[in-house]
Amino acid sequence: MAFTLVGETQVNWSSTIRQTSLGTITNEDGSVSPPSETSEDTTSSEEAHSPKMKETEPESKEAADGTQSENVLVIDTTFTCRIIAPGIEPFEIKVSSEEIVQEIRNMLMDTEEQCHRTCFSLNLNGNTLDAYTELKNIQGMKEGAEIKVLEEQYTVREARFHVKRIKEILTSCELTDAYTGTNMSSLSFVHGIWSGDGNAGRKAKAGEGSIDCTPPDYIMPKSKERPLLPLHPNLADNKVPACVKILSYDHWNPPPSYRKLHGDLLYLQITTLEDRKFHATACTKGFFINLTTEEEFNPKPDPNFKTCHHSLVDLLSMISPAFKRSWSTVVKKRYSKHIYERMPTPYQVYSWLAPQPEHSIDLVRMEDGLMTGRLGYEDNLPSGSRDWNEEFQIVKELPKKTLPERVDRERSHFKVNSDFVWAATRGAQLVVDGCLMPINPGEETKMQMFIWSNIFFSMGFDVKDHYKDFGGDYAAHVAPAKDLQGVKAYQELDLDGLCTLGTVVVDYRGYRVTAQSIIPGILEKEQEQSVVQGSIDFGKTIVSDERYKGLLEKAASSLRIRPHSVINHEGETIELYSSADCKGIVGNDGRLYILDLLRTFPVDINYIKGDENHVVEISEDLKKAGYPLNSRHSFVTLRQELVDAFVDVRYMRFVKTAAILLEQRRLKKEMDQKAEAEAKAADKDNRDSDKPSTECNSVDETVANPEIDNPDEAKKLVETMLETNGVQMSTETEADLTETVLKTAAKAVGSLSDKEFNISFNPDLYQPKVTHADPDSESLQTDKALLNKITEFLVFHQIPAFTLTESLHTRGINIRYLGRVANLIKDAPTLSYLYTICVTEMLCRSAKHLFQRYMHCTDPTNIAAGVAHFLNCLLSSCSLPTSSPYSGDLPLNKPTKKKNKKGKNKPAKDNLLERSEWGALIPKSLWEKLNVDIQEHFNFSLQSDSIDMACEKYKFQKISLLRTFTQRVGIQILLREYNFDNRQRQPFYEDDIINMYPVVKHVSPKATDAYRFFTSGQAKIQQGMFKEGYDLIQESLNLLSVYGPMHSEIAACCRLLGRLNYLMGDFAEALSYQQKAAIMNEKCLGIDHPSTITDYVHLAIYSFANNQISSSLQVLYRARYLLLLCFGENHPDVALVDINIGLILNGVGEYELACNFISNAKDLFAIFYGSSSLKVATAYHLLARSYSCRGDFRTALGHEKSAYVVYNQRLGEAHEKTKESSECLKHLTHQAVVFQKKMVELGKGDKGVGLPAIQALLQSVCS
């Protein structure tokens, strides 16, 4: 039986760029920075995506400065080297000439035999190889070269790293780091789910009963059960046998001075599984057992263990046979995992669920945890700390003319950025936790600022009433996020000479912390003395510097910022090419920096009402739509994506208008010539006039063609027509014609210039403290009119065109318009699932607003109790939750009683709630605040006074709301089942709150060349040129090596390559690529992220194509469970998963289960696509096949008739689908007649009559 699963893959580059990752080379000890410390997890040359650059470049590829980038051919050769290491047999590896020596070191540390060796060097022909030298530059590095691994002497740093490395390997199979959010570890279950069944890879036939296809009850259609424990499957399988009871630093550390002269570096204490206690010394030559005891210090070697071992593993194996056995088990289990599962992620990914953590004695962990002022790599730096600003600017100034130069530059940029994000996140946590000393300790707590690791930290509060006129603390909270958007815009321009700051915004425990790199010299003088461009008080005083003029003018042209004149405090007129808030500071290094970019984009006048002195003018159409609305702050700006979309639409209109005008002029000229010719020779001209003008018709068709949606194509059209008119119209020069046409077209689209297309916006419009040079000028009125047009474009074009496959931000729609989106789609049954998602999103965001203020009043000793109480008020059906600790199965409503003076019993009050401000919160008051907040922020009327009413009205799940909310605010809760519907008992207790983790926003560097190759490949694929597109996508994958081996963009490339291999028939390669994509997205985005669910579905499709039936089913079951948990049953993707599950179950003979899933898919298709859609017809068709296989021909016939009606109505009788359905009807009718006759004969008691064999047609469904 041959049939294909249903599924489509559409990769959109803009939707895949959500997160960046680490791709760097570590130092020899692997400890350059914490993200790179796990250097053993770097891929080998065969697994990693090394950049193999070609001479071919994608079309229209230009450097940032506008010059054509230089194509350079880099020959990348691969050859085999022989590795000779102590203690193991020599082996061979394949390397690339473009690799560096450090990559060979990392590869050796990732081998099963050498994973515990850290202190060694590589030697070729008697010469020690430098770690950062490329192999192509090493003399003698060729095919068959022998590289020797030589053990080196330890230093204190090397010894400490060796101990840490051994402990990491011992715990590498556990998920502790992933749950605690350390060492860039994250969860991944896809490989275990996919490869966990013994029948994987075996070809299954229909009717075989050896494959267990029974789905869990909680994923069956119509099931209301949403358990949490299956979200983290097979946790018990990650348990490994203990190797040693205690391995930590000894309390006799550090070695005394006289022992340092003997080479002692540090001391260790060891307790083996046999309960034997030892004290060991780490010296320059290795590790040995000494005679020290708990009471007496004797560092001399133990005569019973005289050998000094270079590896600590060898020493432990000698003193403990149990360690030797367990070590072998741990290493084998570690390397049984997929190589991508062992790799660190680029940025830390946290889990919102975690099992109860186990906390054991670990002096190594203790020492690392108490050193709050260190990042872990200070010992490797001459100055002890990194100058982040200098690193950012040095990377920016690297050459970028050739492709290899750009690849090196982007790799370095990503390395610095990822390290900075990690350090900034760590510092923000230390700030909120109270571990750092402020630089202004005498100020109020919320006004304090900090400097740590050369990073400046500030809190998201209104310091010294700086934002008093703009919304106070609300404005101070939103300003860093707006500034981050401006930093992103200017960084992407990549203008030489214009520098921005490294910026990270961290939300942690309800507080917002902004981390920035430090401009050289800025702390040496006051801000008023530092700023040479812009304003420090939102426009009251404005200064200008000629050094910034040219740079900001270039940036303004690209960012669509309108140059405008303002009046400064001295009455002088100053021309600005940015917002007045944009500050320019010249650092002590001579570089020009810009900061405070929160008003880079135009203001959203739909949320500014103004006052008597500052009247906001909006159109009548916007007023009819209910605008303007109030906002708690005045930093309401439009998004860059909206500006780009508006400009693209206006440019298309401009080009088409110019084309039509040119055509009209040409036709008029032809008519004039024709009339003149008719006057001279009427007969001849009459005959000629009957002949159609081929050129005219061609142009008419082109101009009238509404399918010209590409601005480049439209521009070429205008240029072609200009050339044509320039030849034909001898009486009018081409320059005059061009000027006239452009002037008319520019006026038609509202261009700010009558000579060219120019749409740009004044960012200082409606800013109360900014005084424009001529408030009544025509130019300023034009700016205001254009601002009205773009807000109308947002409300009446972008929002109605919003679809599920395009996010709000991609279309430039601010989240504050989510209420309008919800109101537009609430009456559309086919978008009911989207309406539920919108309401859930608004509810979570408003709950986040309230939670942040709630946490500010919560005492640090009661954080867990406070968080649990807030969750109970938000999600529990219990009307009066308390903050008492978790009491197991004990009833809550049994308060203890005490006697008062009169002898009467009086219930004891909850003192914790009575004393605390946060304890006064009850569900009713919380939901009242939620209604108000949603109305103010989103202009949406929730009208729900409890969670139960909201769930019933908007059809969302409590578990889905819990998931979204905890991820949004950074709460990690205990992995167990929660009962939200018990009215007598609350679901959450303070022991259920495991952790609070930071939620980080930062600028993600972009691999520009990889992006160009990717988009070019997509264009080729859309044209049906799969092979050419495949090569371009493969090249994009190679160039994405700037991110390292783990990144969500790499996952997008792998997914598309898997799809292309699938379409071209290479199913094995498709499965390999898709498995990599699924693991990457699980680790980089999360185990329940929507992209991860999509990857699960694709993995199931390709597994089925490779005849791995049971694996395919298990993956689909997992995908359905995740969909139910995140969105519920009412979602179109659930229908897609169900119909694929039904197909596989039908193929293995589980017809009853298959009918359940296909029937549910049919019902969902009818809801979302209509009862007459082809998807519904396909489901009817599949149901008919399944019922016919069961022998229920009457039901099968009914379903097939329904399918035939839809096919005939939508496709016509001549279509192959309709013909196939007709043949199926005939077959089912014949089978039903034969079956009925046999049943009648059996009823008469005729002997020798048996039931006929069921003859069902084979399934044939194409993806």
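The values are calculated or read from the model by the stated rules, or taken from the named source; none is laboratory data. Keep in mind that this is a model prediction, so the values were computed, not measured. Cβ atoms come from the backbone with ideal geometry, glycine included; neighbour counts cover every protein chain shown.
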Q: Pairs only if they're at least six apart or on different chains, beta carbon under 8 angstrom, first in segment 236-254 and in contact (Cβ under 8 Å) with a residue 40 or more places away in the chain and under 16 Å from M366 (Cβ atoms), second of a type in the set (K, R) and surrounded by 12 or more Cβ atoms within 10 Å (Cβ to Cβ); list them, first residue then second.
A: L247/K167
Q. Within the set of pairs 6 or more residues apart or between chains, which connect a residue that is touching a residue at least 12 places away in the same chain (Cβ under 8 Å) inside segment 988-1005 to a residue that is acidic (D, E) and part of a helix (DSSP H, G or I) with Cβ atoms less than 7 Å apart?
A. P1005/E410
Q) Does S172 satisfy being within 32 Å of the chain's Cα centre (by Cα), over 30 Å from A282 (Cα atoms) and touching a residue at least 40 places away in the same chain (Cβ under 8 Å)? A) no
Q) Looking at G610, G587, which one is more than 27 Å from Y474 (Cα to Cα) and more than 30 Å from the chain's Cα centre (by Cα)? A) G587
(Q) Anything in segment 576-623 that is acidic (D, E) and assigned to a loop (DSSP other than H, G, I, E, B)? List them, or say none. (A) D581, D589, D596, D604, D611, E612, E617
Q.
Please pick out the residue among L1164, L1182 that is in contact with a His (Cβ under 9 Å, 6 or more places away or on another chain) and touching a residue at least 60 places away in the same chain (Cβ under 8 Å).
A. L1182
(Q) If I ask for residues that are among the β-branched types (V, I, T) and touching a Leu at 6+ places or on another chain (Cβ under 7 Å), which ones from segment 162-189 would you list? (A) V163, I166
Q: Kindly check whether there is at least one residue in segment 381-388 that is under 26 Å from V636 (Cβ atoms) and either small (G, A, S) or assigned to a helix (DSSP H, G or I) (or both).
A: no
Q | Residue that is within 29 Å of I394 (Cβ to Cβ) and among the polar types (S, T, N, Q), where the choices are S565, S535, S544 | A | S544
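Out of the residues in segment 374-415 that are within 23 Å of R160 (Cβ to Cβ) and either buried (at least 20 other Cβ atoms within 10 Å of the Cβ) or among the small types (G, A, S) (or both), which is modelled with the lowest pLDDT?
S383
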Q | Pairs where the first residue, in segment 1113-1134, is among the aromatic types (F, W, Y) and the second is part of a loop (DSSP other than H, G, I, E, B), C-beta under 7 Å, 6+ apart | A | Y1117/P215; Y1117/P216
(Q) Tally up the residues in segment 824-866 that are among the polar types (S, T, N, Q), farther than 21 Å from L1123 by Cα and in contact with a Phe, Trp or Tyr (Cβ under 7 Å, 6 or more places away or on another chain), please. (A) 1
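When you scan segment 770-784, do you find a residue that is within 22 Å of the chain's Cα centre (by Cα) and surrounded by 15 or more Cβ atoms within 10 Å (Cβ to Cβ), even just one?
no
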Q) How many of the residues in segment 1006-1033 are surrounded by 20 or more Cβ atoms within 10 Å (Cβ to Cβ), out of contact with any Asp or Glu (no Cβ under 9 Å at 6 or more places or on another chain) and touching a residue at least 60 places away in the same chain (Cβ under 8 Å)? A) 1
Q) Which of the residues that make up segment 579-612 are among the basic types (K, R) and at pLDDT below 90? A) K609
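Yes/no per residue for (1) in a helix (DSSP H, G or I); (2) out of contact with any helix residue (DSSP H, G or I) (no Cβ under 6 Å at 6 or more places or on another chain); (3) of a type in the set (A, V, I, L, M); (4) exposed (fewer than 15 other Cβ atoms within 10 Å of the Cβ):
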| site | (1), (2), (3), (4) |
| --- | --- |
| K1175 | yes, no, no, no |
| L1183 | yes, no, yes, no |
| R1194 | yes, yes, no, yes |
| A1203 | yes, no, yes, no |
| Q1209 | yes, yes, no, yes |
**Q.** Tally, over segment 632-660, of residues that are surrounded by fewer than 21 Cβ atoms within 10 Å (Cβ to Cβ), aliphatic (A, V, I, L, M) and farther than 30 Å from H466 by Cα
**A.** 4
Q) Which ones in segment 137-157 are within 18 Å of A85 (Cβ to Cβ) and not in a loop (DSSP other than H, G, I, E, B)? A) A145, E146, I147, K148, V149, L150, E151
Q) Taking segment 1037-1048, which residues are of a type in the set (S, T, Y) and in contact with an Asp or Glu (Cβ under 8 Å, 6 or more places away or on another chain)? A) Y1043
**Q.** Residues of segment 851-867 satisfying the condition of being in a helix (DSSP H, G or I), hydrophobic (A, V, I, L, M, F, W, C) and surrounded by fewer than 18 Cβ atoms within 10 Å (Cβ to Cβ)
**A.** I863
Q: Find the residue count for segment 339-369, including only residues that are modelled with pLDDT under 90 and either among the β-branched types (V, I, T) or surrounded by fewer than 17 Cβ atoms within 10 Å (Cβ to Cβ) (or both).
A: 15
(Q) I'm told I994 meets every condition in (1) under 18 Å from E225 (Cα atoms); (2) among the aliphatic types (A, V, I, L, M); (3) in a strand (DSSP E or B) except one. Can you identify the failing condition by its number? (A) (1)
Q: Having 2 or more residues that are surrounded by fewer than 19 Cβ atoms within 10 Å (Cβ to Cβ) and without any contact (Cβ under 8 Å) to a residue 24 or more places away in the chain is the bar; report the helices (runs of 4 or more DSSP H) wholly within segment 922-986 that clear it.
A: 923-938, 947-954
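Each row is one residue, and each column tells you yes or no for (1) at pLDDT below 85; (2) within 34 Å of the chain's Cα centre (by Cα); (3) crowded, with 21+ Cβ neighbours inside 10 Å; (4) part of a helix (DSSP H, G or I).
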| residue | (1), (2), (3), (4) |
| --- | --- |
| L73 | yes, yes, no, no |
| D76 | yes, yes, no, no |
| T80 | no, no, no, no |
| G87 | yes, no, no, no |
| Q102 | no, yes, yes, yes |
